[in-house]
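The values are calculated or read from the model by the stated rules, or taken from the named source; none is laboratory data. Predicted model only: the values in this text are computed from it and were never measured. Here the Cβ is made from the backbone with ideal geometry for all residues, glycine too, and neighbour counts use every protein chain on show. Heads up: the accessible areas ignore ligands, DNA and RNA and are worked out on the full protein's heavy atoms, side chains in. Shrake-Rupley method; radii C 1.70, N 1.55, O 1.52, S 1.80 Å.
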Amino acid sequence: MKLLVIGSGGREHALAWKLAQSAHVTQMWCAPGNAGIAAERLEKNQAPVQPVPIGAEDLPGLLAFALEKKPDLTVVGPDNPLSLGLVDLFQEKGLRIWGPNRQAARFESSKAFSQEFMERHGIPSARSGLFEETSAAKAFAASLQGRCAVKADGLALGKGVLMCTSQAEAESAVDEMLVRGSFGAAGSRIVIQEYLEGTEVSLHALCDGQTARLFPVSQDHKRALEGDQGLNTGGMGAYCPAPFLNTEQLAEVETLLMKPWLAGCQAEGIDFRGILYPGLMLTRDGPKVLEFNARFGDPETQIYLTRLENDLVELLEACVEGTLDRIELKWRPGASICVVMASGGYPGSYQKGCPIDGLEEAAGIDGVQVFHAGTASVEGRVVTSGGRVLGVTAVGPDLKSARDTAYRGVEKIRFEGAHYRRDIGAKAL
Ligand code: AMP
Ligand code: GLY
């Protein structure tokens with residue numbers, strides 16, 4: 001099979017790495033890819049994964065490439081091309097592609113849609129309201145004593161959520177979005193949710209429109225600094241399994257959340273084929289959905305795919321074909337963890353082009369897999385080219401040993417300004 005993978009982050013490196021191990025794959029392109037992806041080879045025939053200089057949001061460019069090369073399957077990593085309708089475009093031209101279509105991707109591209117869907121189908125979530133007008137928004141925030149999350153409706157690169165703990169903060173967040181328009185069109189409608197307290201976890205479920213297969217529970221670390229301080233980021237590290245839900249509680253989540261979600265999709269004619277990634281808060285009143293994403297998490301992908309034993313091509317094909325009910329997910333026993341190494345200054349502005357040393361030494365440690373995110377190859381050297389640079393990932397018989405291994409890997413790698421959190425996984429130990 002010939003595959004085209006779309007995206008350039010750590011998630012896409014993990015996808016390409018895992019797909020390259022499939023017995024079905026004989027050729028793979030990645031648009032646009034990164035330095036780590038370009039260094040991967042297919043297990044079946046040792047062919048290199050070929051980077052293609054087409055951006056993940058260049059829909060006409062991607063379509064033209066696919067019509068010429070005729071990949072047997074295209075795999076979409078990031079959310080933007082999904083919400084722009086890449087899947088619909090490929091399907092109209094008879095090209096096989098994995099990922100939700102535009103309508104199904106609205107679970108991520110519109111927080112208002114998601115919130116209303118949850119209310120229609122009785123999926124536990126935060127108390128919330130939907131607003132386009134400031135005075136009603138501020139009155140609702142006041143009914144929550146100002147303790148709330150103010151969210152832009154549309155995609156905002158993970159930055160469209162302002163957490164508020166007082167009415168003054170809430171009012172300024174509302175003005176920021178609805179009056180000053182700081183989030184552009186994404187923020188012309190807002191969702192305000194009550195501020196939920198509890199432990200936050202990530203769920204992932206592969207879906208084929210009829211069946212959803214849940215992954216083990218994981219936990220991301222969204223804040224930039226140790227002890228969950230600093231600004232929100234795309235994710236500074238993750239691990240699985242996260243020990244906050246036992247088997248019975250996970251079964252309860254399946255009943256409370258996944259069943260009504262699937263039934264709701266069917267009732268509304270939403271054909272979700274891809275991966276649903278709900279962010280969940282485990283509150284004293286039970287699990288509640290904070291948001292839905294319609295793609296793999298980053299860095300969750302890195303920890304899941306290093307433990308997944310199934311052939312990933314077969315799983316993605318089953319989503320496209322609607323045959324997921326015949327497949328059982330198999331996980332390597334033990335745990336996995338990913339520690340993100342970021343550029344100095346991230347999630348604010350940062351320098352690019354810093355040479356990275358020690359990659360081979362880190363990768364040489366038993367159990368370590370170094371996934372590239374913001375890297376590029378310049379004159380044969382790997383240099384930084386983004387905020388999140390690397391995801392040093394490790395597997396082990398338990399979380400503690402996986403964690404020790406991952407940090408041994410991190411210590412081998414050097415680039416100017418590198419920063420990472422030393423407490424990834426600490427909450428579980
Ligand atoms: P979201 O993009 O909606 O997941 O929000 C980003 C982050 O903000 C989440 O991962 C949570 O850490 C936090 N957050 C969002 N909504 C709430 C809420 N209602 N209560 C508490 N924290 C929240
Ligand atoms: N790990 C956070 C995200 O992928 O949105």
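Worth pointing out:
- Computed from Cα positions, the angle between helix 10-19 and the longest principal axis of the chain comes to roughly 50 degrees.
- Rg and Dmax [Cα atoms of the chain; Å; Rg one decimal, Dmax integer]: 20.8, 63
- Rounded to 10°, Cα long-axis angle of helix 259-268 versus longest principal axis of the chain: 80
- Qualifying trypsin sites (Lys or Arg not before Pro) for the stretch 176-227 [loop in DSSP, other Cβ within 10 Å: at most 15]: ARG180
- Solvent-accessible surface (1.4 angstrom probe) belonging to THR247, in square angstrom, nearest 10: 120
- If only the Cβ of Lys and Arg carry +1 and only the Cβ of Asp and Glu carry -1, the dipole of the stretch 268-318 around its Cα centre is close to 280 debye.
- The mean sequence distance of close C-alpha pairs (under 8 Å, at least 6 residues apart), as a share of the length of the chain, puts its relative contact order at 16 percent.
- Relative packing of peptides 11-17, 32-38, 129-135 - highest average C-beta neighbours within 10 Å first: 11-17, 32-38, 129-135
- Rounded tilt (10° steps) of 399-412 against the dominant C-alpha axis of the chain: 60
- The amide H of VAL5, built 1.01 Å from its N in the peptide plane, has TRP29, CYS30, ALA31, VAL75 as neighbours under 5 Å, considering only residues 5 or more places off or on other chains.
- Nonlocal amide H pairs with VAL217, under 5 Å, H built at 1.01 Å: ALA242
- In sequence order, calculated HN-Hα J values of the stretch 204-214 (Karplus, 6.51, -1.76, 1.60; Hz; x Gly/Pro): 9, 9, 6, 9, 10, x, 10, 10, 10, 10, 6
- Charging the Cβ of each Asp and Glu at -1 and of each Lys and Arg at +1, and nothing else, the dipole of the chain about its Cα centre rounds to 380 debye.
- With every protein chain in place and a 1.4 angstrom probe, the accessible-area ranking of ASP357, ASP325, largest first, reads ASP325, ASP357.
- Stokes-Einstein translational diffusion, the stretch 336-429 - Kirkwood Rh over all Cα pairs, 1.002 mPa s, 20 °C, in µm²/s: 161
- Its Cα centre serving as origin, the stretch 149-308 has a Cβ charge dipole (Lys and Arg +1, Asp and Glu -1) of approximately 360 debye.
- Considering only alpha-carbon pairs that sit under 8 angstrom and 6 or more positions apart, the relative contact order computed for the stretch 238-359 is 26 percent.
- In this structure, the amide hydrogen of TYR195, modeled 1.01 Å from its nitrogen in the peptide plane, lies closer than 5 angstrom to those of CYS148, ALA149, counting only residues at least 5 positions away or on a different chain.
- Of ALA142, ALA428, TYR350, farthest towards positive along the dipole that unit charges on Lys, Arg, Asp, Glu beta carbons give the chain: TYR350
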